[in-house]
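Chemist: First the structure, which I've put down as structure tokens, then a few questions once you've had a look.
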Amino acid sequence: MLKKGFIQVYTGCGKGKTTAAIGLTVRAVGAGLQVYFCQFLKGQTCSEIKYLQSQRHQITFKKSGGTSFVKKAQPIDFNAANECFQAAKAAMLSGKYDVVILDEIFAAASTNLIDIKEIEIFVKLKPHNVEVILTGRNAPKSIVKIADLVTEMKEIKHYFKKGIRARKGIEK
């Protein structure tokens, strides 16, 4: 159990926000902490998710599904995102978890699946001893102001622009 938990934000247009959150998850598990990991808008199955799901004794993983990154949000996307968000809030308040991660929560907010005001309420409800990590592009200024740590990933150069697709074990 953590003596003091903080609010961390990983944002920006560069690669690495989810990767940083997963790295923190691995570190937390190595320290014996319990992690709740909620992922929004990434409907595809990636290698790192298979790993997180294999660590069921210390990681609870929930995915909202949906693919609103590439299409217009459908009613099913709203329901899935809200269910995932409410489950993460319950997990954070349950006393069972040391770390709660909302991966791509800002993407869910920018596509109007989750209201920013709800995210603000979420972080204000954070128990003293829980670490909360929020990821996604375009972190709202209101959340940045509340957060204790903010890291912005900035793309300088990316091989995707040369037509190289996501590679298993590296990007997926």
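The values are calculated or read from the model by the stated rules, or taken from the named source; none is laboratory data. Because the structure is a prediction, the values reported are computed rather than measured. Ideal geometry is used to build each Cβ from the backbone, glycine not excepted, and the neighbour counts take in all protein chains shown.
Chemist: If I ask for residues that are aliphatic (A, V, I, L, M), closer than 24 Å to Lys50 by Cβ and surrounded by 10 or more Cβ atoms within 10 Å (Cβ to Cβ), which ones from segment 128-172 would you list?
Modeler: The answer is Ile133, Leu134, Met153, Ile164, Ala166.
Chemist: Of the residues in segment 1-24, how many are on the phi > 0 side of the Ramachandran plot and either assigned to a strand (DSSP E or B) or of a type in the set (Asp, Glu) (or both)?
Modeler: Total satisfying the criteria: 1.
Chemist: Further question on the same structure: Are any of the residues in segment 25-36 part of a helix (DSSP H, G or I), touching a helix residue (DSSP H, G or I) at 6+ places or on another chain (Cβ under 7 Å), buried (at least 18 other Cβ atoms within 10 Å of the Cβ) and at pLDDT 80 or above?
Modeler: Yes, segment 25-36 contains a residue that is part of a helix (DSSP H, G or I), touching a helix residue (DSSP H, G or I) at 6+ places or on another chain (Cβ under 7 Å), buried (at least 18 other Cβ atoms within 10 Å of the Cβ) and at pLDDT 80 or above.
Chemist: Only residues in segment 90-104 that are assigned to a helix (DSSP H, G or I) count as the first member; pair them with residues that are aromatic (Phe, Trp, Tyr), Cβ under 9 angstrom, at least 6 apart or cross-chain, and list the lot.
Modeler: Filtered contacts from segment 90-104: Ala91/Tyr36; Ala91/Tyr97; Met92/Tyr36; Met92/Phe122.
Chemist: Could you figure out which of (1) modelled with pLDDT of 95 or more; (2) farther than 27 Å from Lys154 by Cβ isn't true of Ile101?
Modeler: Condition (2) is where Ile101 drops out.
Chemist: For segment 145-166, indicate whether the set of residues that are modelled with pLDDT of 90 or more, of a type outside the set (Lys, Arg) and part of a loop (DSSP other than H, G, I, E, B) is non-empty.
Modeler: Scanning segment 145-166, I find at least one residue that is modelled with pLDDT of 90 or more, of a type outside the set (Lys, Arg) and part of a loop (DSSP other than H, G, I, E, B), so the answer is yes.
Chemist: Can you tell me which residue is nearest to Gly32 (Cα to Cα) among those in segment 50-62 that are of a type outside the set (Phe, Trp, Tyr) and surrounded by fewer than 19 Cβ atoms within 10 Å (Cβ to Cβ)?
Modeler: Gln58
Chemist: When you go through (1) acidic (Asp, Glu); (2) closer than 12 Å to Val9 by Cα; (3) in a loop (DSSP other than H, G, I, E, B) one by one for Glu171, which number turns out not to apply?
Modeler: Glu171 satisfies every listed condition except (2).
Chemist: Also, quick follow-up: Looking only at segment 105-127, filter to residues that are basic (Lys, Arg) and in a helix (DSSP H, G or I); which one of those is surrounded by the fewest Cβ atoms within 10 Å (Cβ to Cβ)?
Modeler: Lys124
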